[in-house]
Amino acid sequence: MRRIVLFAVALVAAVLVVAVAGLPVYVFPPEGETGRADVAYVIGPPTEQRVALAEQLRADGVVEQILVSVPRSGGQSARKLSACARPEVTCETPTPFSTKGEVAMLSDFLSGDRSAKVIVITFTPHVARTRFILDKCFDGDAVVIAVEQRLRPDQWAFQYAYQTAAFVKAIVTPCADAADL
């Protein structure tokens, strides 16, 4: 019985340590200053909130263009996403369909213009990993911001696990090559 109690206490302590350690990375990541930029780039699934924020940045004169990463098919594909029909919005599918692929697609979109400034839009648990991959794989100037998205405790637990595994993958794998797009 004593071993079970000790195991349970150790398990709860480990979960608490992981939860607290992840707060500055997944829950409260620092975001960049948005200032004037050339492109607003919606990554991950192009949710209504992310696309709306990009459109608001354009309407406010903060950015000139919008680039949206979309899947090849499904409800969020370029054919289904109404924003993709607008001339100021470019919707493309990265290869591979991952954050690294999205960064390679951004580099290709900008044609190597290192002076271009980009505002990357995602959601809170993805901010730190996106910034890490941009720092590793993108030569330009980019800031990462998040849209507000409420997550349930089980969704936060999933994001902690998913983003941690994806961080490990980002560390050990090379950048995607824009030539493969």
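What follows draws every value from the coordinates through simple rules; no lab data is involved. All of these numbers come straight from a predicted model, not from anything done at the bench. Methodologically, a virtual Cβ is constructed for each residue, glycine included, from the backbone with ideal geometry; neighbour enumeration extends over all protein chains shown.
Residues whose amide H falls under 5 Å from that of residue 70, counting only those 5 or more places apart or on a different chain, are 92, 93, with hydrogens built in the peptide plane.
When the trypsin sites (Lys or Arg not before Pro) in the range 94-179 are filtered for DSSP coil states and for at most 11 other beta-carbon atoms within 10 Å of their beta-carbon, the remaining sites are 114, 150.
Bridging of residue 117 to aspartates and glutamates at a Cα separation below 18 Å is possible for 31, 33, 38, 55, 60, 64, 88, 102, 108, 135, 139, 141, once same-chain residues fewer than 8 apart are set aside.
This model, with +1 at the C-beta of Lys and Arg and -1 at the C-beta of Asp and Glu, gives the chain a dipole about its Cα centre of some 900 debye. Residues 98, 69, 82, 107, arranged from fewest to most other Cβ atoms within 10 angstrom of their Cβ, appear as 82, 98, 107, 69. Once Rg and the Kirkwood radius are both taken over the C-alpha atoms of the chain, their ratio Rg/Rh works out to 1.05.
Helix 127-137 versus the longest principal axis of the chain: what angle, 0 to 90°, nearest 10, using Cα atoms? Helix 127-137 sits roughly 60 degrees off the main axis of the chain. Sites listed here are GluC sites (Glu not before Pro) in the range 87-181 whose DSSP assignment is loop and whose Cβ has at most 13 other Cβ atoms within 10 Å: 88, 148.
Computed on the chain, with alpha-carbon pairs under 8 angstrom and 6+ residues apart, the relative contact order is 24 percent.
Amide H contacts under 5 Å for residue 144: 32, 120, restricted to partners 5 or more places along the chain or on a different chain, H placed in the peptide plane at 1.01 Å from N.
For the peptides 33-43, 58-68, residues were scored by their other Cβ atoms within 10 Å and the scores averaged per peptide; the highest-first order is 33-43, 58-68. Spatial offset of the range 101-174 relative to the range 1-67 amounts to 9 Å, using the alpha carbon center of each. Helical runs (DSSP H, four residues minimum) scored at -39500 (n - 2.57) apiece and divided by the length of the chain put the mean residue ellipticity at 222 nm at -13500 deg cm²/dmol.
Per-residue Karplus couplings for the range 33-48, computed as 6.51 cos²θ - 1.76 cosθ + 1.60 with θ equal to phi - 60°, are listed in order as 7, 7, x, 6, 8, 7, 9, 9, 10, 8, 10, x, x, x, 5, 4 Hz, Gly and Pro entered as x. Under the classification rounded if a/c is under 1.5, otherwise prolate if a/b is larger than b/c and oblate if not, where does the range 1-62 fall, given a ≥ b ≥ c as square roots of the Cα gyration tensor eigenvalues? Prolate. What shape does the range 81-181 take by its C-alpha gyration tensor, where a ≥ b ≥ c are the square roots of the eigenvalues and a/c under 1.5 counts as rounded, a/b above b/c as prolate, and the rest as oblate? It is oblate, given that a/c is not under 1.5 and a/b is not larger than b/c.
The fewest-to-most ranking of 1, 105 by surrounding Cβ atoms within 10 Å reads 1, 105. Just checking the listed ones, 101, 140, 75: in the Gaussian network model of the chain with Cα springs under 10 Å, the one fluctuating most is 75.
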